[in-house]
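**Q** Here it is: the structure, laid out below.
The values are calculated or read from the model by the stated rules, or taken from the named source; none is laboratory data. These figures come from a predicted structure and were not determined experimentally. A quick note on method: Cβ atoms are made from the backbone with ideal geometry, for glycine too, and the neighbour counts reach across all protein chains shown.
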Amino acid sequence: MDDLLKKTLIAAIIVVIIYLALFLFFDRAIDLWVYDTCSDTGLVQWGTAVSTAATGEYIKLLIAGGLLLVIIIDPGLKRRWIRNLLFICVSCSIALIVGEGFKFLIGRHRPVMLFDHNQYGLTFFATEWAQNSSPSGHTLRAFSVLTALSLLFRRFTPLFISIAILIGASRVVVTAHYPSDVLFGAFIGIFSSLWTYRYFYGVKIFRDRNM
């Protein structure tokens, strides 16, 4: 079996198991505790500020700008930095598309529905903001971009992934998502970048670098 496909399937199985465990036994208690404990503290302001780094409108604007640069400056992808820029844009775009599809299919109530209406669970095929909690959009955007950067600039991988983890954690701190939503978003972001990387730079390069 293809090495990346094998890793993707194994990771997917692990994520599904952890997601279900969190969904069934821990998510509700964790978010209720965060809501009761942190609502009136500086942690919420911290979480809001950190979350801003992966706001959808900003990321989509950056993707559009990046794609325009590619088209205007080097549509033939002869420059290395242009190819890298396109790789980052495509990685995030794929993560966004996959994430939006799952948000619609799963239709999970956001924590606010638990706090205000005692509603917890799935509705399926939902388009309302309050019912598209899973996966976390901020998290998948952060992990797709920062994983892509990690693949391009290996020495900064701990920094990039730490930033992505902080953004994911901030979504629980501000009670916009459950922990399992963040886990799901991280999985989508990471593997969107890994598969896009292999497409852009080839299987041999991918394996030689042990990623």
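Matching residues to (1) within 27 Å of LEU151 (Cα to Cα); (2) in contact with a Gly (Cβ under 9 Å, 6 or more places away or on another chain); (3) in contact (Cβ under 8 Å) with a residue 60 or more places away in the chain; (4) among the aromatic types (Phe, Trp, Tyr):
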site	(1), (2), (3), (4)
PHE26	no, no, yes, yes
ILE30	no, no, yes, no
THR48	no, no, yes, no
ALA54	yes, yes, yes, no
ALA64	yes, no, no, no
LEU69	yes, no, no, no
LEU77	yes, no, no, no
ARG83	yes, no, yes, no
VAL90	yes, no, yes, no
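**Q** Something else: Taking ILE63 as the residue in question, decide whether it is buried (at least 17 other Cβ atoms within 10 Å of the Cβ) and in contact with a Cys (Cβ under 7 Å, 6 or more places away or on another chain).
**A** Numbers: buried (at least 17 other Cβ atoms within 10 Å of the Cβ): yes; in contact with a Cys (Cβ under 7 Å, 6 or more places away or on another chain): yes.
Against the criterion (buried (at least 17 other Cβ atoms within 10 Å of the Cβ) and in contact with a Cys (Cβ under 7 Å, 6 or more places away or on another chain)), ILE63 qualifies.
**Q** Let me ask another. Looking at ILE94, ILE71, ILE82, ILE88 in this structure, which one is crowded, with 21+ Cβ neighbours inside 10 Å and among the aliphatic types (A, V, I, L, M)?
**A** Details: ILE94 fails: crowded, with 21+ Cβ neighbours inside 10 Å; ILE71 fails: crowded, with 21+ Cβ neighbours inside 10 Å; ILE82 fails: crowded, with 21+ Cβ neighbours inside 10 Å.
Result of the check over ILE94, ILE71, ILE82, ILE88: ILE88.
**Q** With the structure loaded, tell me whether ARG198 is more than 18 Å from the chain's Cα centre (by Cα), charged (D, E, K, R), at pLDDT 95 or above and part of a helix (DSSP H, G or I) or whether it fails that test.
**A** Numbers: more than 18 Å from the chain's Cα centre (by Cα): yes; charged (D, E, K, R): yes; at pLDDT 95 or above: no; part of a helix (DSSP H, G or I): yes.
No, not satisfied.
**Q** Give me the pairs: first residue in the stretch 146-164 and of a type in the set (Phe, Trp, Tyr), second residue part of a helix (DSSP H, G or I), beta-carbon distance under 8 Å, and six or more apart or on different chains, which are they?
**A** PHE153/PHE160; PHE156/LEU149; PHE156/SER150; PHE160/LEU146; PHE160/THR147; PHE160/LEU149; PHE160/SER150
**Q** So TYR19 passes all but one of these: (1) more than 16 Å from ALA142 (Cβ to Cβ); (2) surrounded by 14 or more Cβ atoms within 10 Å (Cβ to Cβ); (3) out of contact with any Ser or Thr (no Cβ under 6 Å at 6 or more places or on another chain). Which condition number does it fail?
**A** (3) is the only condition that TYR19 fails.
**Q** So ILE13 clears everything in (1) touching a residue at least 60 places away in the same chain (Cβ under 8 Å); (2) more than 23 Å from SER93 (Cβ to Cβ); (3) under 18 Å from the mean Cα position of the chain (by Cα) except one condition, right? Which one?
**A** (1)
**Q** Another question about this same structure. Any idea how many residues of the stretch 97-118 are over 18 Å from SER144 (Cα atoms) and surrounded by 12 or more Cβ atoms within 10 Å (Cβ to Cβ)?
**A** First pass over the stretch 97-118, keeping only residues over 18 Å from SER144 (Cα atoms): 104-118.
Those left that are additionally surrounded by 12 or more Cβ atoms within 10 Å (Cβ to Cβ): 104-115.
Summing the residues that are over 18 Å from SER144 (Cα atoms) and surrounded by 12 or more Cβ atoms within 10 Å (Cβ to Cβ) in the stretch 97-118 gives 12.
**Q** Can you pull out every residue in the stretch 121-147 that is part of a helix (DSSP H, G or I) and over 12 Å from the mean Cα position of the chain (by Cα)? Please lay out each step first, then the result.
**A** Initially, the stretch 121-147 is screened for residues part of a helix (DSSP H, G or I), giving 129-131, 137-147.
Of everything in the stretch 121-147, those that are part of a helix (DSSP H, G or I) and over 12 Å from the mean Cα position of the chain (by Cα) turn out to be TRP129, ALA130, GLN131.
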